[in-house]
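A.B. asks: Structure incoming, see below.
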Amino acid sequence: MALLVSDVFSARTSYALPDTSIGELRRIIREYYVRVIPVVADEKTLKLIGVVRRGNLLYISSTRTEFTARDIMDEPKIVARPSDDARELADRLIETDEWYAPVVDDAGKLLGLVGLENIIGYVVNHEPEKLMKPVEEFMERNVVYVEPTTPVYKVWQVMMSKRFAALPVVSEGKLIGVIAEHDLIVRGFARPDFESPSGIRRGPLVRELMSTPPVTVLPTVPLLSAARLIVERYIGRVYVVDDDESLLGVVDRSDIVRAWLTAR
């Protein structure tokens with residue numbers, strides 16, 4: 001039997017209107033820990049017209065209070081319907097480097113959102129045997145990291161240029177924390193290169209904004225362990241360390257879904 005989007009998507013999702021303010025969008029991100037906010041034309045039809053990604057908010061200076069969802073929303077790369085094959089959708093999401101797709105009906109009405117975490121949650125509960133190989137077979141080993149004394153404006157630059165949603169924080173070879181888009185938004189840190197009229201880059205250091213402790217696994221544990229942590233903690237990735245907490249790699253949602261899709 002085919003796995004359908006209707007079997008995995010989340011019908012309870014926040015949404016915005018075109019004139020929703022930047023402040024309100026940031027509040028939704030902060031309070032509900034969402035990474036994508038669908039934008040609908042109006043409350044009556046709920047017709048999908050775009051999406052605001054969490055990273056979009058980092059581009060907006062805190063001084064640009066007149067901006068609204070209309071000004072920063074993107075056209076969704078993928079839009080799903082409840083009857084779509086969920087495995088095919090997962091493959092398309094990974095191929096296009098997307099983690100979410102709005103779900104609409106035939107009239108374009110927003111029904112919900114499906115993300116890689118929804119698919120991972122299904123696999124954890126119904127097909128765990130497909131994630132029994134060790135984490136080290138799937139982890140990315142060339143991990144970009146920052147140090148606790150790194151200025152946060154440099155984190156912003158890396159996130160924007162490489163489309164990273166989070167960066168591990170390493171001190172003397174040991175993983176000590178994580179700094180993510182959510183940390184920057186929660187603390188009101190946006191577009192640092194353009195905030196200062198004098199052009200002088202100021203702001204906090206990574207150690208002042210990072211989240212601790214990092215969520216980690218050993219390289220020999222089954223990928224299922226990482227998948228469960230991602231679902232239970234509602235996080236995008238798990239870092240792989242050795243017994244001394246030295247950073248070895250990272251496994252994110254796309255790695256887990258890719259492993260599921262290729263499992264025999």
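A.B. asks: In the range 138-163, what count of residues is obtained for those that are more than 28 Å from Leu223 (Cα to Cα) and basic (Lys, Arg)?
C.D. replies: Final tally of qualifying residues: 1.
A.B. asks: Next up: Return the total of residues in the range 130-163 being surrounded by 15 or more Cβ atoms within 10 Å (Cβ to Cβ) and in a loop (DSSP other than H, G, I, E, B).
C.D. replies: 6
A.B. asks: A further question follows. Regarding Glu31, is this residue surrounded by fewer than 15 Cβ atoms within 10 Å (Cβ to Cβ) and under 24 Å from Ala259 (Cβ atoms)?
C.D. replies: no
A.B. asks: Next question. All but one of (1) open to solvent by 40 Å² or more (accessible area, probe 1.4 Å); (2) in contact (Cβ under 8 Å) with a residue 24 or more places away in the chain; (3) not in a loop (DSSP other than H, G, I, E, B) hold for Val123; state the number of the condition that does not hold.
C.D. replies: (1)
A.B. asks: Only one of (1) assigned to a loop (DSSP other than H, G, I, E, B); (2) loosely packed, with under 13 Cβ neighbours inside 10 Å; (3) modelled with pLDDT under 95 fails for Arg201. Which number is that?
C.D. replies: Status for Arg201: all satisfied but (2).
A.B. asks: Continuing with this model, one more query. Looking only at the range 234-250, count every residue that is assigned to a loop (DSSP other than H, G, I, E, B) and open to solvent by less than 20 Å² (accessible area, probe 1.4 Å) and tell me the total.
C.D. replies: Selection size over the range 234-250: 1.
A.B. asks: In the range 1-19, how many residues are open to solvent by 20 Å² or more (accessible area, probe 1.4 Å) and either part of a helix (DSSP H, G or I) or not small (Gly, Ala, Ser) (or both)?
C.D. replies: So the answer is 10.
A.B. asks: Next question, about the same structure. Would you check which residues across the range 30-54 are assigned to a helix (DSSP H, G or I) and either more than 16 Å from Ala101 (Cα to Cα) or at pLDDT 95 or above (or both) and list them?
C.D. replies: Arg30, Glu31, Tyr32
A.B. asks: Consider the range 84-96. How many of its residues are in a helix (DSSP H, G or I), of a type in the set (D, E, K, R) and farther than 11 Å from Val257 by Cα?
C.D. replies: Of the residues in the range 84-96, 3 are in a helix (DSSP H, G or I), of a type in the set (D, E, K, R) and farther than 11 Å from Val257 by Cα.
A.B. asks: Another question, if that's okay. Any residue in the range 97-113 that is within 20 Å of the chain's Cα centre (by Cα) and in a helix (DSSP H, G or I)?
C.D. replies: No; the residues of the range 97-113 include none that is within 20 Å of the chain's Cα centre (by Cα) and in a helix (DSSP H, G or I).
A.B. asks: Here's a check for you: in the range 234-264, which residue that is of a type in the set (A, V, I, L, M) and under 19 Å from the mean Cα position of the chain (by Cα) is modelled with the lowest pLDDT?
C.D. replies: Applying the filter and picking the extreme gives Ile235.
A.B. asks: Scanning the range 106-120 for residues that are in contact (Cβ under 8 Å) with a residue 60 or more places away in the chain and open to solvent by 60 Å² or more (accessible area, probe 1.4 Å), which turns out nearest to Ala227 (Cα to Cα)?
C.D. replies: Looking at residues that are in contact (Cβ under 8 Å) with a residue 60 or more places away in the chain and open to solvent by 60 Å² or more (accessible area, probe 1.4 Å), I get Lys109.
A.B. asks: Which of the residues belonging to the range 27-62 are closer than 25 Å to Arg187 by Cα, touching a residue at least 60 places away in the same chain (Cβ under 8 Å) and more than 15 Å from the chain's Cα centre (by Cα)?
C.D. replies: Within the range 27-62, Tyr59, Ile60, Ser61, Ser62 qualify.
A.B. asks: Being in a helix (DSSP H, G or I), modelled with pLDDT of 95 or more, hydrophobic (A, V, I, L, M, F, W, C) and in contact with a strand residue (DSSP E or B) (Cβ under 8 Å, 6 or more places away or on another chain) is the filter here, so list the residues in the range 207-233 that pass it.
C.D. replies: Of everything in the range 207-233, those that are in a helix (DSSP H, G or I), modelled with pLDDT of 95 or more, hydrophobic (A, V, I, L, M, F, W, C) and in contact with a strand residue (DSSP E or B) (Cβ under 8 Å, 6 or more places away or on another chain) turn out to be Leu223, Ala226, Leu229, Ile230.
A.B. asks: Evaluate the range 79-88: report whether one residue or more is closer than 24 Å to Leu184 by Cβ and surrounded by 14 or more Cβ atoms within 10 Å (Cβ to Cβ).
C.D. replies: no
A.B. asks: Can you give me the number of residues within the range 205-214 that are open to solvent by 30 Å² or more (accessible area, probe 1.4 Å) and not acidic (Asp, Glu)?
C.D. replies: So the count comes out to 6.
The values are calculated or read from the model by the stated rules, or taken from the named source; none is laboratory data. All figures in this text were calculated on a predicted structure; none of them were measured in a lab. Cβ sites come from the backbone with ideal geometry, for glycine too, and all protein chains shown count toward neighbours. Note: areas computed on protein heavy atoms with side chains; ligands, DNA, RNA excluded. Shrake-Rupley method; radii C 1.70, N 1.55, O 1.52, S 1.80 Å.
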